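The values are calculated or read from the model by the stated rules, or taken from the named source; none is laboratory data. All values derive from a computational prediction rather than experimental measurement. Here the Cβ is made from the backbone with ideal geometry for all residues, glycine too, and neighbour counts use every protein chain on show.
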Amino acid sequence: QKEVEQNSGPLSVPEGAIASLNCTYSDRGSQSFFWYRQYSGKSPELIMSIYSNGDKEDGRFTAQLNKASQYVSLLIRDSQPSDSATYLCAVKVPGKSTFGDGTTLTVKP
Amino acid sequence: SAVISQKPSRDICQRGTSLTIQCQVDSQVTMMFWYRQQPGQSLTLIATANQGSEATYESGFVIDKFPISRPNLTFSTLTVSNMSPEDSSIYLCSALSPNTEAFFGQGTRLTVV
């Protein structure tokens, strides 16, 4: 079992729809959770962080964390073609961040 | 957040030669890491660069092929030695501290011909 697993892609949604990205992790000692966006040919950039159970909203992005289920998700509302990228889930324990394999999202105009 | 300057951004190298990639962080960080990423693929951790001691390598990566230095808390280098076309990839450095998320350099796109 991988330490961090993301829903297999690619994921395609029409412009204006909600994109839902999911991630599960195996280490119950994980303390911090992050979503990165990576455009083709670029390095990953942080878009969301979440540390406690519940929802965290930032503009069109909402991160959801459920530590009991070891589950973290990212919702993108009103998806735009510029959101087309690979989204990486990362889970942090002291001294280490582990990344999922990523989910590629395509938003079609 | 802190910024990592990584260079070179890209290079084309002859097989059998070596390339050293540098990463400079604008503040002290606890951990530095080196990743490899093939186009369209996931991040693969090569090693953790330990300050003042030998790097910790992941399975499948060895010091002779990927020597790493970290002389201080803000700087690290990765050398890709005796290169072959299979080493063509994007190499990324990353840094992490207890109170920060992981952040990345701009990446080095390496092509071996």
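Yes or no, residue by residue, for (1) free of Cβ contacts under 8 Å to residues at least 40 places away in the same chain; (2) closer than 25 Å to A:E45 by Cα; (3) exposed (fewer than 14 other Cβ atoms within 10 Å of the Cβ); (4) of a type in the set (G, A, S):
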site: B:I12; (1), (2), (3), (4): no, no, yes, no
site: B:V25; (1), (2), (3), (4): no, yes, no, no
site: B:R36; (1), (2), (3), (4): no, yes, no, no
site: B:T44; (1), (2), (3), (4): yes, yes, no, no
site: B:A47; (1), (2), (3), (4): yes, yes, no, yes
site: B:T74; (1), (2), (3), (4): no, yes, no, no
site: B:C93; (1), (2), (3), (4): no, yes, no, no
site: B:F103; (1), (2), (3), (4): no, yes, no, no
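Looking across the range A:55-69, the residues that are outside any strand (DSSP E or B) and of a type in the set (K, R) come down to A:R60, A:K67. Considering A:Y36, A:Y71, the condition of being of a type outside the set (V, I, T), under 26 Å from B:A2 (Cβ atoms) and either touching a strand residue (DSSP E or B) at 6+ places or on another chain (Cβ under 7 Å) or within 14 Å of another protein chain (Cβ to nearest Cβ) (or both) is satisfied by A:Y36 alone. Cβ-Cβ distances below 7 Å connect the following pairs, each with a first residue in the range A:41-58 that is more than 24 Å from B:Y91 (Cα to Cα), a second residue that is in a strand (DSSP E or B) and of a type in the set (K, R), and a separation of six or more residues or different chains: A:I50/A:K56. Could you look through the range A:66-92, keep only residues that are hydroxyl-bearing (S, T, Y) and more than 14 Å from the chain's Cα centre (by Cα), and pick out the one that is farthest from A:T24 (Cα to Cα)? This residue is A:S82.
Residues of the range B:2-40 that are modelled with pLDDT under 95 and at positive phi: B:G40 alone.
Of everything in the range A:82-109 that is out of contact with any Lys or Arg (no Cβ under 9 Å at 6 or more places or on another chain) and among the small types (G, A, S), the residue that is farthest from the other protein chains (Cβ to nearest Cβ) is A:S82. Here A:S79 meets each of (1) away from chain B (no Cβ under 11 Å); (2) in contact with a strand residue (DSSP E or B) (Cβ under 7 Å, 6 or more places away or on another chain); (3) closer than 22 Å to B:S97 by Cα; (4) in a loop (DSSP other than H, G, I, E, B) with one exception, condition (3). Selection within the range B:84-101: residues that are away from chain A (no Cβ under 14 Å) and more than 15 Å from the chain's Cα centre (by Cα). The member of this set that is farthest from B:Q41 (Cα to Cα) is B:S84.
If you go through the range B:47-57 one residue at a time, how many are more than 13 Å from every other protein chain (Cβ to nearest Cβ) and not in a loop (DSSP other than H, G, I, E, B)? So the answer is 1. Scanning the range A:39-54 for residues that are under 15 Å from the mean Cα position of the chain (by Cα), within 30 Å of B:L110 (Cβ to Cβ) and not in a strand (DSSP E or B) turns up A:Y39, A:P44.
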